[in-house]
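Here the structure is laid out as structure tokens; the discussion comes afterwards.
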Amino acid sequence: MSSFWKSVLATILGIIILVAVTSLVCCVGVVGSIASGSAAPSIKSNSVMVLNLNGTLTERSSENPMDLFTGNGTSIGLDVVLNSIKKAKGNDDIDGIYIEVGAFSPDSWASVQAIHDALADFKKSGKWIVSYADNYDQASYYLATVGTSIFLNPNGSLDWHGIGSQPMLLKDMLAKFGVKVQLAKVGTYKSAPEMFVADKMSDANREQITDYITSIWNHVLADVSKSRKISVDSLNAYADNLITFADQHDYISKKLIDKLLYADEAVKEIKKMLGIDEDDDINQVTYTDVNNLESDDEGDEIAVYYAYGDIVQTETESSLLGGGGEMIVGANVVKDLASLANDENIKAVVIRVNSGGGSAYASEQIWRAVEQLKKEKPVVVSMGGMAASGGYYMSCNSNWIVAEPTTLTGSIGIFGMFPDFSELVTQKLGVKFEEVKTNKNSTFGNLMARSFNEEEMSMLDKYIQRGYELFLKRVGGGRGMTRDQVDSIAQGHVYTGERAIQLKLVDQLGTLDDAVAKAAKLAKIDEYYTSDYPAQKEWFETLFDKANGSNTILDEQMQSTLGEFYSPFMMIRNIRNQSAVQARLPYVMNMN
């Protein structure tokens with residue numbers, strides 16, 4: 001009888017396994033179909049490219065089909081958007097761009113500015129740009145202003161309030177758990193550790209934040225003023241009076257928008273611009289379709305190498321903010337740049353940097369890799385939203401540096417941050433430690449048992465100072481400055497690209513295309529095309545990474561549940577997994 005039930009149970013288990021495997025194969029098949037359906041259709045004449053701004057803007061697009069099933073939201077790749085706008089400009093079958101605004105979440109003002117400038121260049125071709133939204137936030141409105149017409153739903157709103165920053169301070173919260181952070185740093189303006197060691201913002205940090213958010217806002221004001229023919233004083237007055245809550249017709253009278261229309265009425269307006277009847281269909285193509293059009297790969301190759309996210313030395317280090325964030329893995333970058341150096345088909349390299357920094361050790365390793373690469377071919381850095389602290393460290397010795405006016409850069413300084421759990425462990429949890437050692441400092445670094453003493457902190461301070469001196473030396477060598485000249489503008493001070501060019505920290509204000517053009521000039525080539533590096537993972541690799549990365553899946557679920565409280569939680573969880581010596585911006589810029 002027992003053998004009968006064993007057979008029954010074995011049969012049931014076999015059926016369950018068969019169903020599970022079949023479901024997985026079907027799921028993979030569906031996802032594969034979605035991923036493989038990326039080939040762009042042929043574009044008909046009199047077409048409109050739809051630029052759907054609904055999702056999170058990131059430096060580079062990533063194929064993650066599982067997001068369709070997990071509900072993690074849509075990622076908008078800046079690289080794809082910029083490339084599609086460029087191709088649309090040169091395509092005779094595309095008459096204009098329709099910007100459809102949804103829940104748009106950009107990673108930085110510099111990324112938004114890059115799209116703004118690309119749209120402005122598109123408009124020079126004589127083609128039109130129309131935008132429509134139920135609600136505009138500041139970033140999407142800034143993009144809309146470059147266009148021919150701005151339409152808004154009659155019951156919609158336009159957010160316009162200026163730029164503010166609210167740095168988060170966690171010292172008192174950590175103290176409730178018996179945790180404190182011991183700090184060794186160099187740089188009056190090096191404000192990243194304030195989050196963990198201060199209960200109020202320092203005067204120096206308030207000064208630099210005021211400087212860079214004012215610089216960014218002034219740039220936005222100047223562009224909107226020029227496009228909409230509205231004075232800067234008026235735009236500031238609208239922000240001060242929270243015009244967001246004004247009557248929608250006020251937006252028209254103040255020239256902020258052109259028409260209040262429902263979505264179907266906006267479609268009719270576009271049909272008029274195309275010169276087609278109301279009953280005719282609009283030939284629409286998505287920006288991803290346009291991006292997938294074949295490129296002209298004639299001439300010499302210029303490599304565009306993307307480096308964005310936290311700087312770490314190995315993949316075993318986690319991003320401080322968790323959630324599977326992008327990382328610049330020093331060991332991998334060193335290998336990649338060596339490969340580019342040895343590739344005779346590549347005549348120049350543009351490194352696209354978007355990073356607030358991270359491990360000082362990894363930054364130094366990448367610095368040397370750039371130095372070695374530069375011996376073989378020209379190296380130009382294109383700075384994205386941020387290229388500061390460790391991000392500037394890895395950029396400073398390139399042949400040429402191009403930054404957006406609103407790029408955050410500089411922040412030349414380092415710090416060592418050492419989480420001290422001894423009060424939590426010994427006082428709150430009641431754990432006792434005895435000590436047996438062969439030498440004076442045999443138990444150095446066990447912050448579960450005790451804090452660093454004064455002598456130990458003095459040694460750490462000297463160690464951090466040596467790291468800062470090396471940073472100054474690297475910048476000085478790359479930028480042709482003396483140690484004191486660099487130190488006078490360093491001290492951890494964060495600058496926008498507009499200010500950095502005045503300080504000779506960057507060479508040119510411009511876009512990624514400008515950086516590529518400069519690289520071609522340095523390589524003395526007239527005809528060229530670009531290739532992107534490193535190669536991105538195929539969709540099935542991403543799928544199985546997700547399946548195997550249980551921590552990443554849990555992180556995503558936590559992020560969805562905790563919302564704005566997710567970041568501080570993850571920083572506390574991951575702080576011990578970071579390199580102790582850091583060259584980075586504040587962990588959370590918190591700028592809106």
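The values are calculated or read from the model by the stated rules, or taken from the named source; none is laboratory data. Since we're looking at a predicted model, the values are computed, not measured. Cβ placement follows ideal geometry from the backbone for every residue including glycine, while neighbour counts extend to all protein chains displayed. Each accessible area value is taken on the protein alone, full model and side chains, heavy atoms only, with ligands, DNA and RNA left out. Shrake-Rupley method; radii C 1.70, N 1.55, O 1.52, S 1.80 Å.
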- Item | Counted residues, the stretch 438-474 - those being at pLDDT 90 or above, of a type in the set (Phe, Trp, Tyr) and out of contact with any strand residue (DSSP E or B) (no Cβ under 8 Å at 6 or more places or on another chain) | 0
- Message: Step by step: first the residues of the stretch 505-535, then only those that are part of a helix (DSSP H, G or I) and small (Gly, Ala, Ser), then the one that is most open to solvent (accessible area, probe 1.4 Å). Which residue is that?
- Response: Ala517
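Which is in contact with a Cys (Cβ under 8 Å, 6 or more places away or on another chain) and modelled with pLDDT of 95 or more, of Gly478, Gly510? Give the derivation first.
Details: Gly510 fails: in contact with a Cys (Cβ under 8 Å, 6 or more places away or on another chain).
That would be Gly478, the only listed residue that is in contact with a Cys (Cβ under 8 Å, 6 or more places away or on another chain) and modelled with pLDDT of 95 or more.
Would you pick out the residues in the stretch 399-423 that are among the acidic types (Asp, Glu) and under 14 Å from Gln182 (Cα atoms)? Give the derivation first.
At the first step, the residues of the stretch 399-423 found to be among the acidic types (Asp, Glu) are 404, 420, 423.
Answer for the stretch 399-423, where residues must be among the acidic types (Asp, Glu) and under 14 Å from Gln182 (Cα atoms): Asp420, Glu423.
Mind checking which residues of the stretch 81-131 are assigned to a strand (DSSP E or B), open to solvent by less than 50 Å² (accessible area, probe 1.4 Å) and either within 27 Å of Ala388 (Cα to Cα) or in contact with a Pro (Cβ under 7 Å, 6 or more places away or on another chain) (or both)? Step through it out loud before you land on a result.
First pass over the stretch 81-131, keeping only residues assigned to a strand (DSSP E or B): 94-105, 128-131.
Still in the list and also open to solvent by less than 50 Å² (accessible area, probe 1.4 Å): 94-99, 101-102, 104, 128-131.
Residue satisfying the conditions is Phe104 alone.
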- Note on the structure: Taking first residues from the stretch 209-233 that are on the phi > 0 side of the Ramachandran plot and second residues anywhere that are loosely packed, with under 15 Cβ neighbours inside 10 Å and at pLDDT 95 or above, the pairs with Cβ under 8 Å that are 6 or more apart or on different chains are Lys229/Lys255
- Message: I need the full set of residues from the stretch 132-142 which are charged (D, E, K, R) and crowded, with 21+ Cβ neighbours inside 10 Å, in order please.
- Response: Asp137
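Considering only the stretch 167-193, state which residues are at positive phi and out of contact with any helix residue (DSSP H, G or I) (no Cβ under 9 Å at 6 or more places or on another chain).
Initially, the stretch 167-193 is screened for residues at positive phi, giving 178, 187.
Residues satisfying the conditions do not exist here.
Filter the stretch 226-236 down to residues that are within 15 Å of Ser131 (Cα to Cα), open to solvent by 40 Å² or more (accessible area, probe 1.4 Å) and not small (Gly, Ala, Ser), then give me how many there are.
Of the residues in the stretch 226-236, 0 are within 15 Å of Ser131 (Cα to Cα), open to solvent by 40 Å² or more (accessible area, probe 1.4 Å) and not small (Gly, Ala, Ser).
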- Message: Within the stretch 336-453, considering only strands (runs of 3 or more DSSP E) that don't extend past its boundaries, which have at least 3 residues that are open to solvent by 10 Å² or more (accessible area, probe 1.4 Å)?
- Response: 414-420
- Note on the structure: Ala239 passes all but one of the listed conditions (1) surrounded by 20 or more Cβ atoms within 10 Å (Cβ to Cβ); (2) in contact with a His (Cβ under 6 Å, 6 or more places away or on another chain); (3) of a type in the set (Gly, Ala, Ser); the exception is number (1)
- Filtering the stretch 365-383 down to residues that are touching a Lys or Arg at 6+ places or on another chain (Cβ under 6 Å) and over 21 Å from Asp300 (Cβ atoms) yields Trp367
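Could you check, for the stretch 497-504, whether at least one of its residues is part of a strand (DSSP E or B) and touching a Ser or Thr at 6+ places or on another chain (Cβ under 7 Å)? Even if it seems obvious, please write down each step before you answer.
Of the stretch 497-504, the ones part of a strand (DSSP E or B) are none.
So far as the stretch 497-504 goes, no, none of its residues is part of a strand (DSSP E or B) and touching a Ser or Thr at 6+ places or on another chain (Cβ under 7 Å).
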- Task: Of all residues in the stretch 268-292, count the ones that are touching an Asp or Glu at 6+ places or on another chain (Cβ under 9 Å), part of a helix (DSSP H, G or I) and either farther than 13 Å from Gly96 by Cβ or of a type in the set (S, T, N, Q) (or both).
- Result: 2
- Tally the residues that are open to solvent by less than 60 Å² (accessible area, probe 1.4 Å), under 17 Å from Ile129 (Cα atoms) and acidic (Asp, Glu), restricting the search to the stretch 259-291. 1
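Given the condition aromatic (Phe, Trp, Tyr), within 30 Å of Val381 (Cβ to Cβ) and in contact (Cβ under 8 Å) with a residue 40 or more places away in the chain, answer yes or no: does some residue in the stretch 262-284 qualify? It would help to see each step written out before you state the result.
First, pick out the residues of the stretch 262-284 that are aromatic (Phe, Trp, Tyr): 262.
After this cut, where a residue has to be within 30 Å of Val381 (Cβ to Cβ) as well, the list is none.
Taking every residue of the stretch 262-284 in turn, none turns out to be aromatic (Phe, Trp, Tyr), within 30 Å of Val381 (Cβ to Cβ) and in contact (Cβ under 8 Å) with a residue 40 or more places away in the chain.
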- Failed item, numbered, when Leu470 is tested on (1) surrounded by 16 or more Cβ atoms within 10 Å (Cβ to Cβ); (2) farther than 30 Å from Pro106 by Cβ; (3) aliphatic (A, V, I, L, M): (1)
